[in-house]
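> Quick one: the structure is below, questions incoming.
The values are calculated or read from the model by the stated rules, or taken from the named source; none is laboratory data. Note that this is a predicted model, so its numbers are computed, not measured. Reconstructed Cβ throughout: ideal geometry from the backbone, glycine too, with neighbour counts over all protein chains shown. Protein only, heavy atoms only, side chains kept; ligands, DNA and RNA dropped before computing areas. Shrake-Rupley method; radii C 1.70, N 1.55, O 1.52, S 1.80 Å.
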Amino acid sequence: MESGAIMFSEVISYKTTAQGLYMITDQIAKLVERSNIENGMCNIFVLHTSCSLCIQENHDPDARHDLEQWIKDHVPFSDKFKHIEEGEDDMPSHIKSAITNVCLTIPVIDRKLAMGQWQGIYLWEHRDGAHKRSMRISIWD
């Protein structure tokens, strides 16, 4: 970054209850506003290896259901995995994280996320059970 650039960075946490897509758009939008950065970029980086991030349909829940079902069908639990230290969902969750996104970058315009009308930001939990997930949010001009 060039000298004089403004940067805002914070780690936030989100509690999940099971596998699935968790809408985090509002939390990110509030940080963008609080950053006081008028125009720039917002980066979201998840600090785990068994969950991920995505931008997806925010209107029809069937789209999220179908996406979740597709990934479960293509990366099922299996007794063929060696890495089962934390349970049968451990290795499939790492694979799901590897083939999706752990980092998103979204433009900021007029202190707002510059997203499409039907787009939402989701934390995608790949593990069974409850987890506390942390994400580093960085916003700069």
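> When N counts the residues of the range 50-137, how does its alpha-carbon radius of gyration compare numerically with 2.2 N^0.38 Å, as a ratio?
1.24
> Please compute the net charge surrounding Asp66, taking Lys and Arg as +1 and Asp and Glu as -1 over other residues with Cβ under 13 Å from its Cβ.
On the way: positive: Arg64, Lys72; negative: Glu57, Asp60, Asp62, Glu68, Asp73.
Once all neighbours under 13 Å are counted, the net charge is -3.
> Computing the accessible area with a 1.4 Å probe over protein heavy atoms, can you report the carbon and sulfur percentage for the range 1-111? Walk me through the numbers before you get to the answer.
Numbers: 3460 of 6710 Å².
The computed percentage sits at 52.
> Over the chain, calculate the relative contact order: mean separation of alpha carbon pairs under 8 Å at least 6 apart, over the residue count, as a percent.
Over the chain, the number comes to 54 percent.
> Can you spot the lysines whose alpha carbon is less than 27 Å from Lys112's alpha carbon? Ignore those fewer than 8 places along the same chain.
Within reach: Lys15, Lys30, Lys132.
> With all pairs of different alpha carbon atoms counted, what Kirkwood hydrodynamic radius in Å does the range 54-93 show? The partial results should precede the final answer.
Numbers: mean 1/r = 0.0858 Å⁻¹.
Hydrodynamic radius (Kirkwood, Cα only) of the range 54-93 equals 11.7 Å.
> Counting Lys and Arg as +1 and Asp and Glu as -1, what is the net charge of the other residues whose Cβ lies under 14 Å from the Cβ of Ser93?
Net of charged neighbours comes to -4.
> Multiply the residue gap between Glu38 and Gln117 by 0.36 nm, knock off their C-alpha separation, and tell me the result in nm, one decimal place.
Gain in length upon complete extension: 26.4 nm.
> So how tilted is helix 90-99 from the main axis of the chain? Cα-based, degrees 0 to 90, rounded to 10.
Its long axis makes an angle of about 40 degrees.
> Extending each Cα 7 Å along its Cβ direction at Tyr14 and Cys54, get the distance between those two points in nm, one decimal.
1.3 nm
> If you don't mind, another one. Rank Pro92, Pro107, Pro61 by mean-square fluctuation in a GNM of the chain with C-alpha springs under 10 angstrom and give only the top-ranked residue.
Highest fluctuation among the options: Pro61.
> Could you tell me the distance between the Cα centroids of the range 3-50 and the range 60-130, to the nearest Å?
Spelled out, the Cα-based centre of one part sits 16 Å from the other.
> Here's a follow-up. Hey, what number do you get for the chain at 222 nm if only DSSP H runs of n ≥ 4 count, each worth -39500 (n - 2.57), divided across all residues, to the nearest 500?
-7500 deg cm²/dmol, from helical runs alone.
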